[in-house]
1. If the limit is 27 Å between Cα atoms, which of Lys105/Lys261; Lys51/Lys105; Lys51/Lys74; Lys27/Lys51; Lys105/Lys256 go over it?
2. Going 7 Å from the Cα of Asp33 along its beta-carbon direction, which residues of the range 46-90 have the amide nitrogen within less than 11 Å of the resulting point?
3. Tell me the carbon and sulfur percent of the accessible area for the chain, rounded to whole percent, probe radius 1.4 Å.
4. As a test, work out the antiparallel percent of DSSP beta bridges whose residues both lie in the chain, rounded to the nearest 5.
5. Taking the simple approach of a point 7 Å from Cα along Cα-to-Cβ for both Asp91 and Leu214, what is their distance in nm?
6. Compute from the Cα atoms of the range 38-102 the Rg and the Dmax, the latter being the longest Cα-Cα distance, and quote both in angstrom.
7. Ratio of alpha-carbon Rg to the 2.2 N^0.38 Å globular estimate for the range 1-88, to two decimals, please.
8. When you take every Cα atom in the range 163-259, what is the radius of gyration, and what is Dmax, the widest Cα pair distance, in Å?
Amino acid sequence: MDEPIDQVVSYHLRDGLALIGLNRPTKRNAINDRLAEALHSAVEAAQVEAKAAVIYGEGAHFCAGLDLSEHVEKSLIAAVHGSRRWHKIFDGIERGCIPFVVALKGAVVGGGFELAAAAHVRVAEESAFFALPEGTRGIFVGGGGSVRVSRLIGAQRMTDMMLTGRSVSPVQMEQWGGVSYVVPDGEALAKAIELAQVAAQNAPMSNYAILNALPRIRDMSSEDGLFVESLMSALTSATPEAAERLRDFLEKRTAKLTAPKD
Ligand code: 1HE
């Protein structure tokens with residue numbers, strides 16, 4: 001498949017990578033029900049067709065969060081169902097079969113930050129700004145942020161962001177652990193693609209373990225986590241890919257690790 005899933009989300013398959021674009025730039029890629037469902041379809045397609053995926057925003061912003069114009073019309077129960085639906089869609093990103101890298105610029109706000117937090121690697125341009133203005137809007141996070149964002153940057157920093165509604169710079173966010181890379185404007189998508197290509201080369205079982213075992217182990221006691229780690233370690237070691245890759249190293253057919261350039 002290499003066509004828009006819906007006009008509000010673009011989907012392109014390039015050399016085993018799925019490129020998923022939030023495509024509602026006139027509304028700053030705010031997530032309405034239609035965009036959420038189109039994103040879900042794109043994520044599902046990527047899990048089947050690609051070895052890794054990149055999510056980015058069309059236009060000057062990554063995502064302005066929940067579409068407030070649609071939300072204001074919703075009944076109490078529809079709002080609960082809507083939030084639970086976001087949880088399912090974002091869980092599909094976080095705990096699926098392939099790595100997701102997000103390329104961030106402009107507004108990474110509310111639900112946009114929650115979406116970014118569900119991905120595995122975050123790259124931000126210098127123009128990016130992060131905010132959780134739910135408090136000022138009279139609502140609360142509903143896309144998994146109270147779990148993912150608070151674990152990513154710490155509950156106290158998230159509390160500060162929600163109480164004050166302040167914007168946080170990418171450099172500050174990198175210091176907080178919320179993003180892993182800060183790049184000049186215009187370069188986030190290329191960097192995200194480069195990182196996704198690297199992750200796509202890993203053994204599939206290793207990537208599956210990284211995506212699915214790590215977040216679960218984080219939620220376990222130390223004792224249970226170490227036990228599951230041992231099982232996962234043995235399982236990955238028992239695959240043919242591991243045998244081949246270990247032999248390649250021992251017989252000096254792989255590049256050595258080097259110190260970082262920067
Ligand atoms: C929107 C939305 C939106 C823009 N829902 N329509 N999110 C927020 O509180 C962020 C609200 N948005 C903004 O603060 C600004 O729009 C931006 C800083 C992101 C961009 O500013 P700017 O000057 O480039 O654009 P704009 O003129 O403010 O917006 C362009 C259009 O997008 C305009 O519509 P128009 O019909 O007047 O052209 C805006 O109304 C529209 N727009 N953002 C609906 N969010 C699951 S719980 C998650 C809870 C949250 O995500 S809360 C955070 C919500």
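1. Lys51/Lys74; Lys27/Lys51; Lys105/Lys256
2. So the set is 70-71, 73-75, 78-79, 81-82.
3. 56
4. That works out to approximately 30 percent antiparallel.
5. 2.0
6. Calculated on Cα positions, Rg and Dmax stand at 13.8, 39 Å.
7. 1.12
8. Taking only Cα atoms of the range 163-259, I get Rg and Dmax of 18.2, 57 Å.
The values are calculated or read from the model by the stated rules, or taken from the named source; none is laboratory data. Note that the coordinates shown come from a computational prediction; the quantities given were computed from them, not determined experimentally. FYI the Cβ positions are ideal-geometry reconstructions off the backbone, even for glycines, and counts take in every protein chain you see. The area values use the complete protein model at the heavy-atom level, side chains included, leaving out ligands, DNA and RNA. Shrake-Rupley method; radii C 1.70, N 1.55, O 1.52, S 1.80 Å.
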